[in-house]
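Here's the structure we're looking at; comments come further down.
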Amino acid sequence: MGVIRNLLALIGLLVIIGVGYGYATYQPMIAKLQAIGLEKLQTMMARVDEVGIEPMMGVMEKWDIAALIKLGDELDPKALEVYQSMMDRLIETRNTADATVWKVPVEEGLTVEDVELSMKNIANEHNIKAVGELPLSEQVKLMTGEEQRFLKIYMYCNPLTAMKMVEHSDAYSAYLPCRIAMIKDKTGKLWLYALDMDMMIWGGATLPDFLKEEALKVRFVIKDIMQRAAAGDF
């Protein structure tokens, strides 16, 4: 029930923020809610009523609505699109981790070594530094003596861009360095995962032009490494 209340609260927050963009911008979200159908929406609300809507309303009463509307005016023009995308993935997967990452399937027939070589070459092509690797599955195997499905983290960083981001906000240090994970899923298929950078770039107030330009370059590089390496581009 807590998940449902939180979900509805988040929808409410997005609608409030959307006021800053005008009806035309967030009308697609309203259309999606209409597409769910009145009966399903009533069922959802009935399930909330089983626990009681008062706890959720208690949380919403603490919000500074004027501040939220002002925030809607100041957010980047793509912010609502970013949050809608995240919300779509959350509804589909029921998993916040899935909702906040990029993932690319590795083409059949490619080995771990093939993908690693591609990643190395593409990173060099973009002049982004490979600053470390964390072979988690190998480490756990050594610790337990048991075979593990493959999991390795690859870390990249452009020091100049990193310092510019931190100068803008210390909180960006938590995003450093950029990481790509290669993992073999439970069926034996290889995937590449990385943190979705869109919220960092467009999810808040519009970044200064020079900073957004740098962040978009890093975004392009990470996605390029993932997409091309997953296809075996050497």
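For E133 paired with D170, estimate the spin-label separation in nm (one decimal), with each label point 7 Å from Cα along the Cα-to-Cβ line.
3.5
For Y154, Y83, which order do you get if you count the other beta carbons within 10 Å of each Cβ and list the fewest first?
Least to most surrounded, the residues fall as Y83, Y154.
Among rounded, prolate and oblate, which fits the stretch 85-194 when a ≥ b ≥ c are the square roots of the eigenvalues of its C-alpha gyration tensor, a/c under 1.5 means rounded, and a/b larger than b/c means prolate?
Verdict is oblate for the stretch 85-194.
Tell me the net charge near E133. Cut-off is 12 Å between Cβ atoms, E133 excluded, with +1 for each Lys or Arg and -1 for each Asp or Glu.
+1
For the residues M87, M226, M163, what sequence is obtained by ranking on other C-beta atoms within 10 Å, fewest first?
M163, M87, M226
Every number in this text was worked out from the coordinates using simple rules, so none of it is lab data. As the structure is a computational prediction, the values presented were derived from the model and not from experiment. Positions of Cβ are generated from backbone atoms using ideal geometry, with glycine treated the same way; all protein chains shown enter the neighbour counts.
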